[in-house]
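K.L.:
Here it is: the structure, laid out below.
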Amino acid sequence: MSKILLLTYISLVFALTGCATISENKAEQLIIEEYSNQTGEATIISTEKVDNEYLIK
């Protein structure tokens, strides 16, 4: 029983970490969609990758 539980836990960890990565273009598109409104569209000035995360200005 403990082997099945361990295998399930390991599979869940792999699934969650594998789904957490997105491309630079997708990250930029999400920011544009989030910050655009009726007054205008958001503009991205720069994008940097820091510690597997994108810093978008």
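K.L.:
Once the Cα atoms of helix 2-18 and of the chain are each reduced to a long axis, what angle between those two axes, in degrees from 0 to 90 to the nearest 10, is obtained?
P.N.:
10
K.L.:
Also, quick follow-up: Give me the net charge of Glu24's neighbourhood, meaning all other residues with Cβ under 14 Å from the Cβ of Glu24; Lys, Arg count +1, Asp, Glu -1.
P.N.:
Here the charged neighbours net out to 0.
K.L.:
Now a separate question. What is the gain in length, in nm to one decimal, between Val50 and Ser2 on full extension, counting 0.36 nm per residue of separation less the C-alpha to C-alpha distance? Provide the component values of the computation, followed by the final result.
P.N.:
Values: separation 48, 0.36 × 48 = 17.28 nm, distance 3.81 nm.
Extra length available between Val50 and Ser2 comes to 13.5 nm.
K.L.:
Using only C-alpha atoms and all pairs of different ones, pull out the Kirkwood radius for the chain in Å with one decimal.
P.N.:
One over the average 1/r among Cα pairs gives 14.0 Å for the chain.
K.L.:
Among residues other than Leu55 whose Cβ falls under 13 Å from its Cβ, what is the net charge (Lys/Arg +1, Asp/Glu -1)?
P.N.:
Working: positive: Lys49, Lys57; negative: Glu24, Glu28, Glu48, Asp51, Glu53.
Net of charged neighbours comes to -3.
Bear in mind these aren't lab numbers, they're just calculated from the coordinates by the rules spelled out. Since this is a predicted model, take the numbers as computed values, not measurements. As a convention, Cβ positions derive from the backbone with ideal geometry for all residues, glycine included, and neighbour counts pool all protein chains shown.
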